[in-house]
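Worksheet: one structure, shown below.
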Amino acid sequence: MKNILNIILLGPQGSGKGTQAKLLARDFGFKHIEIGKVLREISKKETNLGKRVAHIINQGNMVPISMISEIVGQELKKVSKDQGIIFDGTPRRLGEIKPLKENLAKHERKITHVFFISVSKQESIKRLKKRKICLNCGTPFIIGETINKDEVICPICGGEVVVRRDETPESIKKRLALYRKKTDPVVNYFKKENKLIKINGEDSINNVYKEIKSYL
C-alpha cells in the first residue's frame with residue numbers, strides 16, 4: 001500500500017465536517033469526495049443511474065450501499081495516485097465500510113485516519129438553523145459568521161445562497177435521529193479498530209482545524 005493519506009470525516013449534521021474537509025483539501029491538495037454533493041449532481045443527469053438516484057433522494061430514502069460503492073469506485077478512478085483523499089458522507093452505515101476498503105485496496109490505498117467531529121444534539125440543531133448553502137458550488141455558510149442574514153449571493157462563485165429544504169426544525173430532528181441510528185455503529189467500529197480520533201467540534205472552526213492538522 002502506498003503511504004498516501006485517505007481520511008474519513010465523521011460527525012452529525014452541523015458538526016462542521018464539510019467546512020473542515022474544504023480547508024484540508026485547500027491546504028493539502030486532497031481530493032474531497034463529498035458523497036451528498038456527488039449524489040445531487042448525479043440526480044440531475046438524464047441517465048438510468050441519475051433517475052434512480054433522484055427517485056430515491058426525492059422519497060427521502062438512503063441510497064443503497066451497492067450504489068454508494070459503485071459511485072465511490074467511479075470517484076476513485078478520477079483521483080491521481082499521489083493525491084490524498086477526504087471522504088465526507090461515507091461510510092454512514094456499517095455495510096459501507098467493507099466495500100469502501102475494497103475500493104481503496106484496488107487502488108493500493110487504505111484508510112489512514114478517521115476523525116469523529118463530536119457536537120451535542122443541541123449544538124447541531126442550533127447550527128443547522130443558522131446554515132445556508134450555495135446551490136451552485138455547494139459551499140456551506142453560517143448566518144452571522146460566514147455570511148450575513150440577508151445575503152443571497154455566494155461570495156465565492158456568485159451562485160444563489162439558500163436555506164436547505166430539509167433543514168426545517170422537524171426535518172433536522174429526524175435527520176439527527178437517523179444519523180445516530182445508522183452512524184453511531186460506524187463510529188464504534190473504528191473505535192474498536194483503534195483508528196478513531198475524536199475532535200471537539202464545539203470549538204471554533206480554526207481550533208478544530210488545528211487539532212485535526214496536528215494528527216496529519
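So here's what we get for this one:
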read-out	value
Cβ pairs under 7 Å, 6+ apart, first in the range 46-70 and at negative phi, second surrounded by fewer than 13 Cβ atoms within 10 Å (Cβ to Cβ) and among the basic types (Lys, Arg)	Gly50/Lys44
Failed item, numbered, when Ser69 is tested on (1) out of contact with any Leu (no Cβ under 8 Å at 6 or more places or on another chain); (2) in a helix (DSSP H, G or I); (3) of a type in the set (Gly, Ala, Ser)	(1)
The range 54-109, residues that are of a type in the set (Asp, Glu) and modelled with pLDDT of 95 or more	Glu96, Glu102
The one condition in (1) crowded, with 18+ Cβ neighbours inside 10 Å; (2) in contact (Cβ under 8 Å) with a residue 40 or more places away in the chain; (3) in contact with an Asp or Glu (Cβ under 8 Å, 6 or more places away or on another chain) that Val161 fails to fulfil	(2)
Scan of the range 22-35 for residues that are surrounded by fewer than 16 Cβ atoms within 10 Å (Cβ to Cβ) and either of a type in the set (A, V, I, L, M, F, W, C) or at pLDDT below 85 (or both), ordered by number	Phe28
Boolean, Thr112 is hydroxyl-bearing (Ser, Thr, Tyr), in contact with a strand residue (DSSP E or B) (Cβ under 9 Å, 6 or more places away or on another chain) and at pLDDT 95 or above	yes
Set Lys126, Lys149: member being outside any loop (DSSP other than H, G, I, E, B) and over 18 Å from Gly36 (Cβ atoms)	Lys126
Some residue of the range 96-115 being in a strand (DSSP E or B), farther than 21 Å from Asn58 by Cα and hydrophobic (A, V, I, L, M, F, W, C)	yes
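The values are calculated or read from the model by the stated rules, or taken from the named source; none is laboratory data. The structure presented is a predicted model; accordingly, all values stated were derived computationally and were not measured. Here Cβ is always computed from backbone atoms with ideal geometry, including for glycine, and neighbour counts include all displayed protein chains.
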